[in-house]
Every structure is written in C-alpha cells, then in structure tokens.
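The values are calculated or read from the model by the stated rules, or taken from the named source; none is laboratory data. Note that the structure is predicted; figures quoted are calculated from it, not measured. Cβ sites come from the backbone with ideal geometry, for glycine too, and all protein chains shown count toward neighbours. Just so you know, the surface numbers come from the protein's heavy atoms only, side chains and all, with ligands and any DNA or RNA stripped out. Shrake-Rupley method; radii C 1.70, N 1.55, O 1.52, S 1.80 Å.
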Amino acid sequence: MTWDPTFFYDTYPRLEPAFAARLDESLGPRDPSVLLQVVRELGLPPDSRVVDVGCGEGAHAVRLATHFGFRVLGIDPVQRHLDLARAARRDLVPDIASRLAFERGTATHVPAVDASLDLVWCRDVMVHVERPDDAFAEFARVLRPGGHVVAFQAVATDLLGADEADWLFDVMGVVPTSADPRVIDDAIARSGLEVVDTIDLSTEWGEWSQEQDGDGGRALLHLARLLRDPGRYRAEFGDAAYDVMLGDCRWQVYRTMGKLGARIDVLRRR
Ligand SMILES: C[S@@+](CC[C@H](N)C(=O)[O-])C[C@H]1O[C@@H](n2cnc3c(N)ncnc32)[C@H](O)[C@@H]1O
C-alpha cells in the first residue's frame with residue numbers, strides 16, 4: 001500500500017470515529033469456561049475417572065469434581081502446588097473432597113494403570129513439557145478405549161519474534177519446541193489418539209479478560225513501568241522476581257495481541 005495524503009488527512013479522519021466505535025463492540029470472545037463446555041459435550045457420567053495433569057493448586061480439579069461429579073486425581077511435579085491443593089481440599093464439603101486426590105506426577109509419568117481413565121484434562125501445561133510425544137503417548141496409555149483428552153495450551157505464532165521468544169520462554173520455563181503448534185500436531189499424530197476437534201482460540205481469552213476486568217491493559221501498564229524504571233523494582237524485589245514479573249506481563253500482553261495463540265485439543269483413544 002502506498003501512503004496517500006488525501007486518504008490519510010481527509011478520508012480517514014471522517015471514518016475514524018465510526019471505526020473506533022465499531023471496535024468498541026465486543027466480538028464475543030470465548031472465555032475459559034469453554035473448556036468445561038467441551039467436557040460437558042463429552043457426556044461423561046458422574047464418577048468418571050479423571051486425571052488433571054499439571055493441576056497446580058487444584059482449582060480446576062475441584063471444578064471438575066463439583067460441576068460433573070467426577071473422581072479427579074490432580075497430579076503435579078511441584079510439592080508446593082500439591083500442598084496447597086490438599087489444603088484447599090480440606091475446606092471442601094465431604095462429598096466433593098472425597099472425589100479428589102492429589103499426587104506427585106508429570107505429563108510423562110501419570111500414576112495410573114493402563115486403560116484406567118475416562119478423561120485426561122491438561123490445562124496450560126504442555127509448553128513446560130520437554131517431550132510432548134511422550135506426554136501424549138502417556139495419555140493414550142492411561143485412557144480406556146473411547147476415553148478422551150481435553151488439552152489447552154498456548155502456542156507461539158508467526159508474530160512472535162525470535163528474540164522475544166528466546167527471552168520469554170527462558171524466563172517462563174517454556175520449552176520452545178513445545179510451544180510450536182507443528183510439534184504438538186506431530187506429537188498427537190504419533191500418539192495414535194484420534195483428533196476429535198482442534199479449537200483455535202487465537203486472542204479470545206486475552207480479549208475476554210480485558211473486556212471483563214481490564215487485566216490485559218493493566219499488564220500493559222505494568223510492563224511500561226517495569227521497562228521505564230527497572231532499578232526501582234529490582235532493588236525492592238530482586239532481579240529474579242523482576243524478570244518473572246516482566247515475563248508474566250509480556251505473556252499477558254502477547255496473548256492479547258496475538259504473538260501467543262491458544263488451542264484446545266480434544267482427542268479420543270480409539
Ligand atoms: C501454568 S500452570 C497451570 C496450572 C493449572 N493446570 C491451571 O490451568 O491453572 C503450569 C503447571 O504445570 C506444572 N508442570 C510443569 N511441568 C510439568 C510436567 N512436566 N508435567 C506436569 N505438570 C507440569 C507446574 O507445576 C504448574 O502447576
């Protein structure tokens with residue numbers, strides 16, 4: 001496109017207010033509850049056996065037990081996460097608490113016998129896994145025939161520069177190849193799991209979060225402050241905390257502007 005002064009200074013200014021007003025209208029982004037909707041559509045009965053791989057502090061395991069009456073094993077390699085998840089479980093009503101257990105495990109070592117589970121839930125974890133091939137093969141091992149995987153993960157897009165990716169992934173503990181959608185596609189294909197659906201969420205969760213509570217814009221403001229006066233924050237919180245906060249703010253901004261995308265993979269063991 002060649003720059004056209006008549007368009008730029010005459011035509012465009014007449015359009016601009018209406019254009020901006022149109023952009024103020026929501027495109028109706030899906031929110032994180034879309035994952036629960038995906039599970040609902042699987043039609044699994046109460047008491048179905050589920051593993052939450054990389055359960056963190058257990059919030060989603062609790063949701064799966066509460067919404068669907070599943071029996072959920074949350075696994076995570078980080079002891080602090082397991083301690084917090086177990087502490088939160090103690091505060092739940094007995095019927096829900098009895099459906100939950102938390103154990104140490106990883107995406108490549110799920111503490112479950114072969115063909116014993118109805119659903120593998122893996123939310124926001126695969127980018128941290130060194131070998132997604134081994135993880136999807138492990139999911140196939142523990143699922144009964146007809147059992148499903150519902151996996152959500154961030155992926156790098158073509159908008160993410162190589163230098164941006166190098167710095168961000170290093171600070172956030174992301175294995176660069178595991179954020180490559182082609183690597184994930186290959187790992188899934190090699191696992192033998194059938195692809196039921198691949199949902200491209202693009203920037204939707206970032207848009208939704210900004211529309212809800214302005215979190216994306218807040219991360220952008222925090223990013224500007226971190227970059228303008230690093231010494232202030234490094235002195236108070238230390239270099240390592242500064243880097244993680246910078247990484248987290250960049251992550252949120254990048255996911256809203258599409259340098260990071262997101263996908264849900266719904267898979268089925270044949
Ligand atoms: C971004 S958090 C997501 C936590 C939770 N799934 C959620 O969606 O809120 C990533 C989690 O993955 C866990 N994790 C890291 N490497 C893992 C691995 N190889 N296998 C399983 N979990 C892993 C971390 O300990 C952390 O709890």
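Compute the length gained on full extension between Glu211 and Asp163: take 0.36 nm times their separation in residues and subtract their Cα-Cα distance, giving the result in nm to one decimal.
Here the segment from Glu211 to Asp163 would lengthen by 14.3 nm.
Would you work out what percent of the accessible area of the stretch 24-126, with all protein chains in place, is carbon or sulfur (probe 1.4 Å)?
Here carbon and sulfur together make up 53 percent of the probe-accessible area.
Compute the accessible area per residue over the stretch 149-234, keeping the other protein chains in place, probe 1.4 Å, unit Å².
In whole numbers, the stretch 149-234 has 55 Å² accessible per residue.
Which percent of the Cα-Cα distances in the chain go past 32 Å?
The share of Cα pairs beyond 32 Å in the chain comes to 32 percent.
For every helix of n ≥ 4 consecutive DSSP H residues, a contribution of -39,500 (n - 2.57) applies; sum these over the chain, divide by its total residues, and give [θ] at 222 nm rounded to the nearest 500 deg cm²/dmol.
The per-residue figure over the chain is -14500 deg cm²/dmol.
With +1 assigned to the C-beta of every Lys and Arg and -1 to the C-beta of every Asp and Glu, and no other charges, what is the dipole magnitude of the stretch 77-147 about the Cα centre in debye, to the nearest 20?
240 debye
Build a GNM of the chain with springs between Cα atoms under 10 Å: which of Asp24, Asp134, Asp170 gets the top mean-square fluctuation?
Highest fluctuation of the listed residues: Asp24.
Considering the alpha-carbon set of the stretch 37-128 alone, what are its Rg and its Dmax in angstrom?
Every Cα atom of the stretch 37-128 included, Rg and Dmax give 12.2, 34 Å.
Report the net charge of residues surrounding Val78, where surrounding means a beta-carbon distance below 14 angstrom and charges are Lys +1, Arg +1, Asp -1, Glu -1.
-3
Considering only Ser26, Ser116, Ser191, give the residue with the highest GNM mean-square fluctuation for the chain, with springs between Cα atoms whenever their separation is below 10 Å.
The residue with the greatest mean-square fluctuation here is Ser26.
Taking amide H positions as placed 1.01 Å from N in the peptide plane, with prolines and chain starts having none, which residues 5 or more places from Gly147, or on another chain, fall under 5 Å of its amide H?
Excluding prolines and chain starts, which carry no amide H, the hits are Arg269.
Looking at the chain as a GNM with Cα springs under 10 Å, which of Arg141, Arg228, Arg182 has the largest mean-square fluctuation?
Arg228
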